[in-house]
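The values are calculated or read from the model by the stated rules, or taken from the named source; none is laboratory data. A quick note: this is a predicted structure, and the numbers were derived from the prediction, not measured. Because the Cβ atoms are built from the backbone with ideal geometry, glycine has one as well, and the counts that use them run over all protein chains shown. When the accessible area is computed, the model is the full protein with side chains, heavy atoms only, and any ligands, DNA or RNA have been set aside. Shrake-Rupley method; radii C 1.70, N 1.55, O 1.52, S 1.80 Å.
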Amino acid sequence: MTNLTLELKNQLLNNRYYLEYLIANGNYSHSQVFFARDIVTHRPCIIKRLCLDFCPSKRKHSAKLLFQHEAKILTRLNGQHSQISRLYDYFNDNGSSYLVQEWISGDTLAQKLWRKKGLSESQTRKILLSLLSVLDCIHSLGIIHRDIKPQNIILREEDRLPVLIDFSVAYQMSDLTPPMPMIVGTPEYMSREQSMGQIAYQNDLYSLGVTTICLLSGLPHNTRQNWRELSISDDLKLVIHRTISDKANLRFNSAQEMRAALLPTSPTKLHPENKEKSRFKSWLIYSILVIPIIGVWFIWRYPKTQLVTKPPTKYTQLIPEETLVVEDESLITKNADQKIATNIFQNVIFPVGSSSTQIIEALGEPVWRKPGFWSNSTAWSYENIVAKGIDLGYIFDTKSDKLLQVEIAVPPQTNYRKLQDALTFLCGGKTNPDLEQGLQTVYQRQQSTYNFTVEDLEGTIQRNHKDRIYMAVWQEDFH
(Lines give C-alpha, C1' and ligand atoms only; values in the text may rest on other atoms or scores of the structure.)
Protein backbone atom coordinates (compact mmCIF):
# COMPACT_ATOMS: atom_id res chain seq x y z
CA MET A 1 0.00 0.00 0.00
CA THR A 2 1.06 3.60 -0.55
CA ASN A 3 2.92 5.13 2.39
CA LEU A 4 0.81 7.88 3.93
CA THR A 5 3.86 9.68 5.35
CA LEU A 6 5.48 9.95 1.93
CA GLU A 7 2.53 10.79 -0.30
CA LEU A 8 -0.61 11.93 1.49
CA LYS A 9 0.17 13.44 4.87
CA ASN A 10 -0.28 17.23 5.00
CA GLN A 11 -2.14 17.17 1.69
CA LEU A 12 -5.59 18.64 1.32
CA LEU A 13 -8.03 16.45 -0.61
CA ASN A 14 -10.82 18.01 -2.64
CA ASN A 15 -9.79 21.37 -1.13
CA ARG A 16 -11.35 20.50 2.24
CA TYR A 17 -10.25 17.18 3.77
CA TYR A 18 -7.03 17.05 5.77
CA LEU A 19 -5.70 13.52 6.36
CA GLU A 20 -4.21 13.04 9.84
CA TYR A 21 -3.31 9.35 10.15
CA LEU A 22 -3.85 5.90 8.65
CA ILE A 23 -6.30 3.64 10.51
CA ALA A 24 -6.31 0.46 8.43
CA ASN A 25 -5.42 -1.20 5.14
CA GLY A 26 -8.06 -3.24 3.33
CA ASN A 27 -6.07 -5.80 1.38
CA TYR A 28 -9.16 -7.52 0.00
CA SER A 29 -10.82 -4.31 -1.19
CA HIS A 30 -7.52 -2.61 -2.13
CA SER A 31 -8.29 0.39 0.07
CA GLN A 32 -6.90 2.52 2.89
CA VAL A 33 -8.90 4.07 5.73
CA PHE A 34 -7.82 7.38 7.28
CA PHE A 35 -8.89 9.61 10.12
CA ALA A 36 -9.34 13.11 8.68
CA ARG A 37 -10.82 16.55 9.34
CA ASP A 38 -13.15 18.59 7.21
CA ILE A 39 -11.78 22.16 7.30
CA VAL A 40 -15.10 23.52 6.04
CA THR A 41 -17.39 22.02 8.70
CA HIS A 42 -14.58 21.46 11.25
CA ARG A 43 -15.84 17.96 11.98
CA PRO A 44 -13.79 14.74 12.12
CA CYS A 45 -14.50 12.11 9.50
CA ILE A 46 -13.34 8.82 8.04
CA ILE A 47 -11.93 8.76 4.51
CA LYS A 48 -11.61 5.56 2.55
CA ARG A 49 -9.29 5.66 -0.42
CA LEU A 50 -9.26 3.20 -3.32
CA CYS A 51 -5.59 2.25 -3.58
CA LEU A 52 -4.67 0.37 -6.76
CA ASP A 53 -0.89 0.85 -6.53
CA PHE A 54 -0.22 -2.84 -5.88
CA CYS A 55 -3.42 -4.25 -7.35
CA PRO A 56 -2.90 -6.78 -10.20
CA SER A 57 -3.82 -5.14 -13.48
CA LYS A 58 -6.50 -7.70 -14.27
CA ARG A 59 -8.24 -6.95 -10.94
CA LYS A 60 -8.19 -3.15 -11.13
CA HIS A 61 -11.46 -2.88 -13.01
CA SER A 62 -13.34 -5.14 -10.58
CA ALA A 63 -11.80 -3.26 -7.60
CA LYS A 64 -13.12 0.03 -9.01
CA LEU A 65 -16.58 -1.46 -9.52
CA LEU A 66 -16.51 -2.82 -5.97
CA PHE A 67 -15.65 0.62 -4.58
CA GLN A 68 -18.42 2.26 -6.62
CA HIS A 69 -20.83 -0.41 -5.42
CA GLU A 70 -20.00 0.38 -1.79
CA ALA A 71 -20.67 4.08 -2.45
CA LYS A 72 -24.02 3.15 -3.96
CA ILE A 73 -24.94 1.01 -0.92
CA LEU A 74 -23.95 3.78 1.52
CA THR A 75 -25.95 6.34 -0.46
CA ARG A 76 -28.98 4.06 -0.25
CA LEU A 77 -28.53 3.71 3.53
CA ASN A 78 -27.85 7.39 4.21
CA GLY A 79 -30.09 8.61 7.01
CA GLN A 80 -32.08 5.36 7.16
CA HIS A 81 -30.85 4.44 10.65
CA SER A 82 -28.94 6.35 13.31
CA GLN A 83 -26.68 3.34 13.96
CA ILE A 84 -25.19 3.32 10.47
CA SER A 85 -22.43 5.84 9.77
CA ARG A 86 -23.50 8.52 7.28
CA LEU A 87 -21.88 9.06 3.89
CA TYR A 88 -20.75 12.69 3.55
CA ASP A 89 -18.99 12.72 0.20
CA TYR A 90 -17.75 10.66 -2.73
CA PHE A 91 -15.18 12.16 -5.11
CA ASN A 92 -12.09 11.65 -7.25
CA ASP A 93 -8.83 13.51 -6.66
CA ASN A 94 -5.47 13.04 -8.42
CA GLY A 95 -6.62 9.82 -10.04
CA SER A 96 -7.90 8.16 -6.83
CA SER A 97 -11.45 7.66 -5.55
CA TYR A 98 -12.49 8.58 -2.00
CA LEU A 99 -15.44 7.92 0.33
CA VAL A 100 -16.00 10.33 3.23
CA GLN A 101 -18.01 8.96 6.15
CA GLU A 102 -19.12 9.96 9.61
CA TRP A 103 -16.53 9.42 12.36
CA ILE A 104 -17.93 7.20 15.13
CA SER A 105 -16.10 7.79 18.39
CA GLY A 106 -15.80 4.59 20.40
CA ASP A 107 -14.27 1.12 20.44
CA THR A 108 -15.18 -1.82 18.26
CA LEU A 109 -16.60 -4.80 20.10
CA ALA A 110 -13.40 -6.66 19.19
CA GLN A 111 -11.34 -4.02 21.02
CA LYS A 112 -13.69 -4.16 23.98
CA LEU A 113 -13.40 -7.95 24.18
CA TRP A 114 -9.62 -7.72 23.94
CA ARG A 115 -9.62 -5.78 27.22
CA LYS A 116 -12.32 -7.83 28.94
CA LYS A 117 -13.12 -11.52 29.31
CA GLY A 118 -16.64 -11.09 28.03
CA LEU A 119 -19.80 -9.06 28.46
CA SER A 120 -22.66 -9.73 30.85
CA GLU A 121 -25.85 -11.28 29.55
CA SER A 122 -27.77 -8.03 30.04
CA GLN A 123 -25.14 -6.05 28.09
CA THR A 124 -25.06 -8.64 25.32
CA ARG A 125 -28.84 -8.81 25.06
CA LYS A 126 -29.07 -5.02 24.83
CA ILE A 127 -26.46 -4.92 22.05
CA LEU A 128 -28.14 -7.81 20.23
CA LEU A 129 -31.60 -6.21 20.31
CA SER A 130 -30.15 -2.94 19.07
CA LEU A 131 -28.24 -4.57 16.20
CA LEU A 132 -31.33 -6.52 15.14
CA SER A 133 -33.09 -3.20 14.71
CA VAL A 134 -30.26 -2.13 12.36
CA LEU A 135 -30.41 -5.39 10.40
CA ASP A 136 -34.17 -5.13 10.12
CA CYS A 137 -33.67 -1.71 8.55
CA ILE A 138 -31.02 -2.70 6.00
CA HIS A 139 -32.79 -5.94 5.10
CA SER A 140 -36.02 -4.02 4.46
CA LEU A 141 -34.01 -2.05 1.89
CA GLY A 142 -32.88 -5.26 0.19
CA ILE A 143 -29.29 -5.01 1.52
CA ILE A 144 -27.30 -7.85 3.11
CA HIS A 145 -24.17 -6.85 5.05
CA ARG A 146 -22.37 -10.23 4.69
CA ASP A 147 -19.59 -9.48 7.19
CA ILE A 148 -21.16 -9.15 10.66
CA LYS A 149 -18.44 -9.59 13.31
CA PRO A 150 -17.11 -7.77 16.42
CA GLN A 151 -14.56 -5.84 14.33
CA ASN A 152 -17.36 -4.25 12.29
CA ILE A 153 -19.44 -3.04 15.23
CA ILE A 154 -18.48 0.14 17.13
CA LEU A 155 -19.92 0.83 20.58
CA ARG A 156 -20.58 4.54 20.22
CA GLU A 157 -19.09 6.56 23.07
CA GLU A 158 -21.88 9.12 23.43
CA ASP A 159 -24.83 6.73 23.90
CA ARG A 160 -23.23 3.24 24.11
CA LEU A 161 -25.27 2.06 21.13
CA PRO A 162 -23.71 -0.35 18.61
CA VAL A 163 -23.03 1.13 15.17
CA LEU A 164 -22.66 -1.17 12.15
CA ILE A 165 -19.74 -0.27 9.85
CA ASP A 166 -17.90 -1.54 6.75
CA PHE A 167 -20.31 -2.24 3.91
CA SER A 168 -17.49 -3.05 1.49
CA VAL A 169 -18.89 -6.52 0.65
CA ALA A 170 -22.59 -5.73 1.16
CA TYR A 171 -25.03 -7.03 -1.42
CA GLN A 172 -27.99 -5.17 -2.92
CA MET A 173 -30.69 -7.70 -3.81
CA SER A 174 -32.07 -5.52 -6.60
CA ASP A 175 -28.73 -5.52 -8.46
CA LEU A 176 -28.77 -8.03 -11.30
CA THR A 177 -25.02 -8.03 -11.88
CA PRO A 178 -23.27 -6.57 -8.81
CA PRO A 179 -19.44 -6.51 -8.94
CA MET A 180 -19.14 -9.09 -6.16
CA PRO A 181 -17.35 -12.42 -5.97
CA MET A 182 -19.50 -15.34 -4.85
CA ILE A 183 -17.67 -16.08 -1.60
CA VAL A 184 -17.21 -13.03 0.61
CA GLY A 185 -17.16 -12.40 4.35
CA THR A 186 -15.09 -13.73 7.24
CA PRO A 187 -15.03 -17.58 7.19
CA GLU A 188 -15.18 -17.92 10.99
CA TYR A 189 -18.52 -16.09 11.08
CA MET A 190 -20.08 -17.47 7.91
CA SER A 191 -22.94 -19.93 7.67
CA ARG A 192 -22.43 -23.06 5.61
CA GLU A 193 -24.72 -21.60 2.94
CA GLN A 194 -22.71 -18.39 2.71
CA SER A 195 -19.47 -20.35 2.47
CA MET A 196 -21.01 -22.14 -0.53
CA GLY A 197 -21.93 -18.83 -2.18
CA GLN A 198 -25.64 -18.67 -1.35
CA ILE A 199 -27.05 -15.19 -0.66
CA ALA A 200 -29.74 -14.82 2.03
CA TYR A 201 -30.76 -12.46 4.81
CA GLN A 202 -30.38 -15.37 7.24
CA ASN A 203 -26.61 -15.27 6.71
CA ASP A 204 -26.40 -11.94 8.57
CA LEU A 205 -28.40 -13.41 11.45
CA TYR A 206 -26.11 -16.44 11.59
CA SER A 207 -23.03 -14.19 11.78
CA LEU A 208 -24.73 -12.17 14.51
CA GLY A 209 -25.31 -15.42 16.43
CA VAL A 210 -21.62 -16.28 16.32
CA THR A 211 -20.82 -12.69 17.36
CA THR A 212 -23.18 -13.07 20.33
CA ILE A 213 -21.25 -16.13 21.51
CA CYS A 214 -18.02 -14.13 21.29
CA LEU A 215 -19.53 -11.33 23.39
CA LEU A 216 -20.75 -13.72 26.08
CA SER A 217 -17.66 -15.90 26.28
CA GLY A 218 -14.95 -13.37 25.51
CA LEU A 219 -13.26 -16.23 23.67
CA PRO A 220 -12.17 -16.55 20.03
CA HIS A 221 -14.82 -17.66 17.57
CA ASN A 222 -13.22 -21.10 17.10
CA THR A 223 -14.14 -22.10 20.68
CA ARG A 224 -17.85 -21.62 20.11
CA GLN A 225 -18.45 -25.38 20.12
CA ASN A 226 -18.70 -25.14 23.93
CA TRP A 227 -21.09 -22.19 23.99
CA ARG A 228 -23.81 -24.27 25.69
CA GLU A 229 -21.68 -24.27 28.83
CA LEU A 230 -22.18 -20.51 29.21
CA SER A 231 -24.15 -19.45 32.29
CA ILE A 232 -26.99 -17.66 30.53
CA SER A 233 -30.77 -17.85 30.63
CA ASP A 234 -32.57 -20.63 28.78
CA ASP A 235 -34.41 -18.29 26.43
CA LEU A 236 -31.15 -16.72 25.20
CA LYS A 237 -29.67 -20.19 24.72
CA LEU A 238 -32.65 -21.14 22.60
CA VAL A 239 -32.28 -18.00 20.50
CA ILE A 240 -28.59 -18.74 19.89
CA HIS A 241 -29.39 -22.38 19.15
CA ARG A 242 -31.89 -21.38 16.46
CA THR A 243 -29.67 -18.68 15.01
CA ILE A 244 -26.66 -20.93 14.39
CA SER A 245 -28.54 -24.14 13.68
CA ASP A 246 -27.04 -26.37 10.99
CA LYS A 247 -30.53 -26.67 9.53
CA ALA A 248 -31.50 -23.47 7.74
CA ASN A 249 -35.22 -24.23 8.07
CA LEU A 250 -34.94 -24.06 11.88
CA ARG A 251 -33.32 -20.62 11.88
CA PHE A 252 -35.10 -17.31 12.20
CA ASN A 253 -36.47 -16.01 8.92
CA SER A 254 -35.92 -12.34 9.71
CA ALA A 255 -34.27 -9.93 12.13
CA GLN A 256 -37.74 -8.93 13.32
CA GLU A 257 -38.60 -12.55 14.20
CA MET A 258 -35.32 -13.01 16.05
CA ARG A 259 -35.81 -9.76 17.94
CA ALA A 260 -39.31 -10.82 19.00
CA ALA A 261 -37.87 -14.08 20.37
CA LEU A 262 -35.52 -12.10 22.63
CA LEU A 263 -38.35 -10.09 24.13
CA PRO A 264 -40.60 -11.55 26.89
CA THR A 265 -42.75 -14.24 25.28
CA SER A 266 -44.17 -17.68 25.87
CA PRO A 267 -41.77 -20.62 25.34
CA THR A 268 -43.98 -22.11 22.65
CA LYS A 269 -43.39 -19.09 20.44
CA LEU A 270 -39.67 -19.22 20.92
CA HIS A 271 -38.62 -22.51 19.39
CA PRO A 272 -40.12 -24.34 16.42
CA GLU A 273 -39.45 -27.74 18.01
CA ASN A 274 -42.27 -27.09 20.51
CA LYS A 275 -44.66 -26.64 17.62
CA GLU A 276 -43.30 -29.78 16.02
CA LYS A 277 -44.06 -31.75 19.20
CA SER A 278 -47.66 -30.55 19.13
CA ARG A 279 -47.98 -31.47 15.47
CA PHE A 280 -46.45 -34.86 16.20
CA LYS A 281 -49.07 -35.59 18.89
CA SER A 282 -51.88 -34.71 16.49
CA TRP A 283 -50.32 -36.83 13.78
CA LEU A 284 -49.89 -39.76 16.19
CA ILE A 285 -53.58 -39.72 17.10
CA TYR A 286 -54.51 -39.46 13.44
CA SER A 287 -52.16 -42.34 12.57
CA ILE A 288 -53.64 -44.65 15.23
CA LEU A 289 -57.22 -44.04 14.11
CA VAL A 290 -57.09 -43.53 10.36
CA ILE A 291 -53.99 -45.05 8.77
CA PRO A 292 -54.79 -48.71 9.69
CA ILE A 293 -58.17 -48.36 7.94
CA ILE A 294 -56.51 -46.96 4.80
CA GLY A 295 -53.92 -49.73 4.93
CA VAL A 296 -56.53 -52.50 5.06
CA TRP A 297 -58.34 -50.93 2.07
CA PHE A 298 -55.13 -50.84 -0.01
CA ILE A 299 -54.27 -54.47 0.83
CA TRP A 300 -57.72 -55.52 -0.30
CA ARG A 301 -57.76 -53.29 -3.40
CA TYR A 302 -54.18 -53.83 -4.68
CA PRO A 303 -52.90 -57.21 -3.40
CA LYS A 304 -50.17 -57.46 -6.08
CA THR A 305 -48.65 -53.99 -5.74
CA GLN A 306 -44.82 -54.05 -5.32
CA LEU A 307 -42.46 -51.30 -4.19
CA VAL A 308 -39.85 -50.51 -6.81
CA THR A 309 -36.77 -48.58 -5.68
CA LYS A 310 -34.26 -46.90 -7.96
CA PRO A 311 -30.73 -48.32 -7.57
CA PRO A 312 -28.11 -45.86 -6.30
CA THR A 313 -26.19 -43.85 -8.89
CA LYS A 314 -22.77 -45.37 -9.53
CA TYR A 315 -20.61 -42.55 -8.19
CA THR A 316 -22.87 -41.21 -5.47
CA GLN A 317 -23.09 -44.43 -3.49
CA LEU A 318 -21.84 -43.47 -0.03
CA ILE A 319 -18.64 -45.01 1.25
CA PRO A 320 -17.78 -45.16 4.95
CA GLU A 321 -16.91 -41.69 6.25
CA GLU A 322 -13.96 -43.05 8.23
CA THR A 323 -12.10 -43.78 4.98
CA LEU A 324 -11.73 -40.04 4.55
CA VAL A 325 -9.60 -39.69 7.64
CA VAL A 326 -7.09 -42.53 7.24
CA GLU A 327 -3.66 -40.92 7.52
CA ASP A 328 -1.57 -43.86 6.25
CA GLU A 329 -2.59 -44.35 2.62
CA SER A 330 -0.84 -47.76 2.58
CA LEU A 331 -3.53 -49.06 4.93
CA ILE A 332 -6.29 -48.51 2.38
CA THR A 333 -6.11 -51.98 0.84
CA LYS A 334 -8.45 -54.02 3.01
CA ASN A 335 -11.53 -54.22 0.80
CA ALA A 336 -13.15 -52.90 -2.33
CA ASP A 337 -14.84 -49.97 -0.61
CA GLN A 338 -11.50 -48.77 0.73
CA LYS A 339 -9.85 -49.11 -2.67
CA ILE A 340 -12.53 -46.87 -4.11
CA ALA A 341 -11.64 -44.32 -1.44
CA THR A 342 -8.17 -43.75 -2.86
CA ASN A 343 -9.71 -42.05 -5.90
CA ILE A 344 -13.08 -40.97 -4.57
CA PHE A 345 -13.06 -37.68 -6.50
CA GLN A 346 -11.93 -39.06 -9.85
CA ASN A 347 -15.37 -39.45 -11.41
CA VAL A 348 -17.36 -36.78 -9.53
CA ILE A 349 -15.26 -33.63 -9.94
CA PHE A 350 -15.39 -32.26 -13.47
CA PRO A 351 -12.97 -29.52 -14.58
CA VAL A 352 -13.93 -26.12 -15.93
CA GLY A 353 -15.02 -26.45 -19.54
CA SER A 354 -17.03 -29.66 -19.08
CA SER A 355 -20.66 -29.88 -20.22
CA SER A 356 -23.76 -30.40 -18.08
CA THR A 357 -24.48 -33.61 -20.00
CA GLN A 358 -21.26 -35.20 -18.76
CA ILE A 359 -22.13 -34.37 -15.15
CA ILE A 360 -25.73 -35.60 -15.42
CA GLU A 361 -24.54 -38.91 -16.87
CA ALA A 362 -22.16 -39.44 -13.95
CA LEU A 363 -24.04 -37.95 -11.01
CA GLY A 364 -27.68 -37.81 -12.02
CA GLU A 365 -29.93 -34.88 -11.24
CA PRO A 366 -28.57 -32.32 -8.70
CA VAL A 367 -30.30 -31.63 -5.40
CA TRP A 368 -31.28 -28.22 -6.76
CA ARG A 369 -30.78 -25.92 -9.73
CA LYS A 370 -30.96 -22.16 -9.29
CA PRO A 371 -30.07 -19.00 -11.24
CA GLY A 372 -26.40 -18.27 -10.68
CA PHE A 373 -24.93 -15.27 -8.90
CA TRP A 374 -23.75 -13.82 -12.21
CA SER A 375 -26.00 -13.09 -15.17
CA ASN A 376 -26.46 -15.88 -17.73
CA SER A 377 -25.35 -18.54 -15.25
CA THR A 378 -27.02 -21.53 -13.57
CA ALA A 379 -25.86 -23.13 -10.30
CA TRP A 380 -26.24 -26.82 -9.43
CA SER A 381 -25.70 -28.47 -6.05
CA TYR A 382 -24.89 -32.07 -5.15
CA GLU A 383 -24.85 -32.99 -1.45
CA ASN A 384 -23.14 -35.91 0.32
CA ILE A 385 -21.31 -36.98 -2.81
CA VAL A 386 -19.28 -40.24 -2.39
CA ALA A 387 -19.12 -39.69 1.38
CA LYS A 388 -21.13 -37.97 4.07
CA GLY A 389 -20.41 -34.25 4.34
CA ILE A 390 -18.89 -33.78 0.87
CA ASP A 391 -20.86 -31.25 -1.21
CA LEU A 392 -20.23 -30.24 -4.82
CA GLY A 393 -21.35 -27.16 -6.72
CA TYR A 394 -21.24 -26.47 -10.46
CA ILE A 395 -21.94 -23.17 -12.26
CA PHE A 396 -22.71 -23.17 -15.99
CA ASP A 397 -23.04 -20.57 -18.69
CA THR A 398 -26.71 -20.81 -19.71
CA LYS A 399 -25.96 -20.01 -23.37
CA SER A 400 -23.02 -22.29 -24.09
CA ASP A 401 -23.77 -24.94 -21.41
CA LYS A 402 -20.08 -24.65 -20.52
CA LEU A 403 -18.93 -25.28 -16.93
CA LEU A 404 -17.47 -21.99 -15.64
CA GLN A 405 -16.88 -22.80 -11.97
CA VAL A 406 -16.61 -25.91 -9.83
CA GLU A 407 -16.53 -25.94 -6.01
CA ILE A 408 -16.39 -28.46 -3.19
CA ALA A 409 -16.85 -28.37 0.58
CA VAL A 410 -15.51 -31.22 2.73
CA PRO A 411 -15.54 -32.14 6.44
CA PRO A 412 -12.68 -30.80 8.61
CA GLN A 413 -11.31 -34.30 9.27
CA THR A 414 -10.73 -35.05 5.58
CA ASN A 415 -7.32 -36.54 4.94
CA TYR A 416 -4.78 -34.14 3.38
CA ARG A 417 -4.01 -36.56 0.53
CA LYS A 418 -7.71 -36.58 -0.36
CA LEU A 419 -7.70 -32.78 -0.45
CA GLN A 420 -4.69 -32.81 -2.76
CA ASP A 421 -6.54 -35.19 -5.08
CA ALA A 422 -9.67 -33.02 -5.01
CA LEU A 423 -7.69 -29.86 -5.77
CA THR A 424 -5.89 -31.58 -8.64
CA PHE A 425 -9.20 -32.61 -10.21
CA LEU A 426 -10.66 -29.13 -9.61
CA CYS A 427 -7.74 -27.58 -11.52
CA GLY A 428 -7.89 -30.14 -14.32
CA GLY A 429 -4.45 -31.46 -13.36
CA LYS A 430 -2.85 -27.99 -13.40
CA THR A 431 -0.84 -27.55 -10.19
CA ASN A 432 2.30 -25.82 -8.99
CA PRO A 433 4.38 -25.66 -5.78
CA ASP A 434 2.74 -22.40 -4.66
CA LEU A 435 -0.70 -23.99 -4.88
CA GLU A 436 0.44 -26.98 -2.83
CA GLN A 437 1.89 -24.62 -0.23
CA GLY A 438 -1.33 -22.59 -0.12
CA LEU A 439 -3.42 -25.72 0.47
CA GLN A 440 -1.09 -26.77 3.26
CA THR A 441 -1.29 -23.42 5.06
CA VAL A 442 -5.11 -23.52 5.09
CA TYR A 443 -5.13 -27.21 6.04
CA GLN A 444 -2.76 -26.54 8.95
CA ARG A 445 -4.84 -23.48 9.99
CA GLN A 446 -1.98 -21.06 9.40
CA GLN A 447 -4.42 -18.90 7.42
CA SER A 448 -8.14 -19.12 6.70
CA THR A 449 -8.09 -18.16 3.02
CA TYR A 450 -5.71 -18.66 0.11
CA ASN A 451 -6.48 -17.28 -3.36
CA PHE A 452 -4.55 -18.51 -6.39
CA THR A 453 -4.12 -18.42 -10.16
CA VAL A 454 -3.03 -21.45 -12.19
CA GLU A 455 -2.58 -20.80 -15.92
CA ASP A 456 -6.04 -19.74 -17.16
CA LEU A 457 -7.83 -20.61 -13.89
CA GLU A 458 -8.43 -18.72 -10.67
CA GLY A 459 -9.51 -20.16 -7.34
CA THR A 460 -9.74 -20.02 -3.58
CA ILE A 461 -9.21 -22.35 -0.61
CA GLN A 462 -10.98 -21.46 2.64
CA ARG A 463 -11.87 -22.75 6.10
CA ASN A 464 -15.25 -21.68 7.44
CA HIS A 465 -16.41 -21.30 11.06
CA LYS A 466 -17.20 -25.04 11.28
CA ASP A 467 -13.67 -25.85 10.13
CA ARG A 468 -15.04 -27.23 6.84
CA ILE A 469 -12.69 -26.73 3.92
CA TYR A 470 -14.10 -25.06 0.81
CA MET A 471 -12.29 -25.01 -2.54
CA ALA A 472 -13.46 -23.37 -5.76
CA VAL A 473 -11.92 -22.96 -9.21
CA TRP A 474 -13.33 -20.82 -12.01
CA GLN A 475 -12.48 -19.69 -15.50
CA GLU A 476 -10.23 -16.62 -15.53
CA ASP A 477 -12.18 -13.33 -15.69
CA PHE A 478 -15.47 -15.13 -14.88
CA HIS A 479 -15.85 -13.10 -11.64
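Which pairs in the list 58/399; 237/370; 116/466 are over 29 Å apart, alpha-carbon to alpha-carbon?
Values: 58/399 25 Å; 237/370 34 Å; 116/466 25 Å.
237/370, as the Cα separations exceed 29 Å there.
Can you give the FRET efficiency to the nearest 0.05 for residue 72 and residue 110, using r as the Cβ-Cβ distance and R₀ = 22 Å?
Values: r = 27 Å, r/R0 = 1.24.
Calculated value: 0.20.
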Original post:
What figure in square angstrom, to the nearest 10, would you give for the accessible area of residue 423 with a 1.4 Å probe?
Top reply: 0 Å²
Original post:
Using a cut-off of 12 Å between alpha-carbon atoms, which aspartates and glutamates can reach residue 430, once sequence neighbours fewer than 8 places away in the same chain are excluded?
Top reply: 421, 455, 456, 458
Original post:
Given labels modelled 7 Å from the Cα in the Cβ direction, how far is it in nm from residue 420 to residue 378?
Top reply: 3.7 nm
Original post:
Label points 7 Å out from Cα along the Cβ direction at residue 400 and residue 365: separation in nm?
Top reply: 2.9 nm
Subject >> Distance in nm between pseudo-label sites at residue 476 and residue 11 (7 Å out along the Cβ direction from Cα) >> reply: 3.3 nm
